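These notes are about the structure you will find just below.
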Amino acid sequence: MGAVVGTLTMQTKQRRPSRDKADDDLEMTIVCHRPEGLDQLEAQTNFNKRELQVLYRGFKNECPSGVVNEETFKQIYSQFFPHGDASTYAHYLFNAFDTGNTGSIKFEDFVTALSILLRGSVTEKLQWTFNLYDINRDGYINKEEMTDIVRAIYDMMGKYTYPVLKTDAPKQHVDAFFQKMDKNRDGVVTLDEFLFSCQEDENIMRSLQLFENVI
């Protein structure tokens, strides 16, 4: 949803000071899907009411119906990675945003995830990242799941990445992660193992920034 975030900055700068609360409340009602009340979203996220209003305008600008399906999500996301194929990673990212497994992302889904990714604690961010890796949502990350995510990120970054990435780079990346994370060597990484390993190892924390940068 990078395009939405990018749009938000422009929306803030172009905002007319003459708008008042009545205008804001009206704008929140004219789409097909009406989000939860601002007071409720303010209580559930780390954004204040004014920030939520600006976020909503940016979301509505990209998604006039009030919801975004996976195909639209992929189209928006791919704009920021023209040299690679972002479709597979966007698929995984869409599923992470779509916590209710409804096949669409509402404003509430978007702003809740954005609140965690931008202003959540380290633990909250890592928990969200764990859920992204846990593709089948069974509570564990296996090596195949992590390989799929990492390969999707490499594909998204494209052939023009500098320095040029080797073909076996995703496998090497995953092997290094698993060697440090799978403490009991049972072939899967639990949430506790993931949190512990990430927070004790500065190299892993730096590596995880790769995923934060492509949100």
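The values are calculated or read from the model by the stated rules, or taken from the named source; none is laboratory data. Being a predicted model, the structure only gives us computed values, none of them experimental. Please note: Cβ atoms are built from the backbone with ideal geometry, for glycine as well, and neighbour counts cover all protein chains shown. Heavy atoms of the whole protein, side chains included, go into the accessibility calculation; ligands, DNA and RNA do not. Shrake-Rupley method; radii C 1.70, N 1.55, O 1.52, S 1.80 Å.
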Exercise. In the structure displayed, which of 74/180; 60/106; 125/171; 49/74 lie more than 21 Å apart, Cα to Cα?
Worked result: 74/180; 125/171; 49/74
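Assign unit charges at the C-beta atoms only (+1 for Lys and Arg, -1 for Asp and Glu), then state the dipole size of the stretch 46-120 relative to its Cα centre in Debye, rounded to the nearest 20. Walk me through the numbers before you get to the answer.
On the way: 7 positive and 8 negative charges, 80 e Å.
The calculated dipole for the stretch 46-120 is roughly 380 debye.
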Exercise. Computed on alpha carbon atoms, what radius of gyration and Dmax characterise the stretch 46-120, expressed in Å?
Worked result: 12.6, 37
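Run the accessible area of the stretch 46-120 with a 1.4 Å probe and give the carbon-and-sulfur part as a rounded percent.
47
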For this session: Along Cα→Cβ, 7 Å out, is where each label goes; now give me the distance between the ones at residue 119 and residue 99 in nm to one decimal.
Result: 1.6
Exercise. With all protein chains present and a 1.4 Å probe, how do 173, 91 order by accessible area, largest first?
Worked result: 91, 173
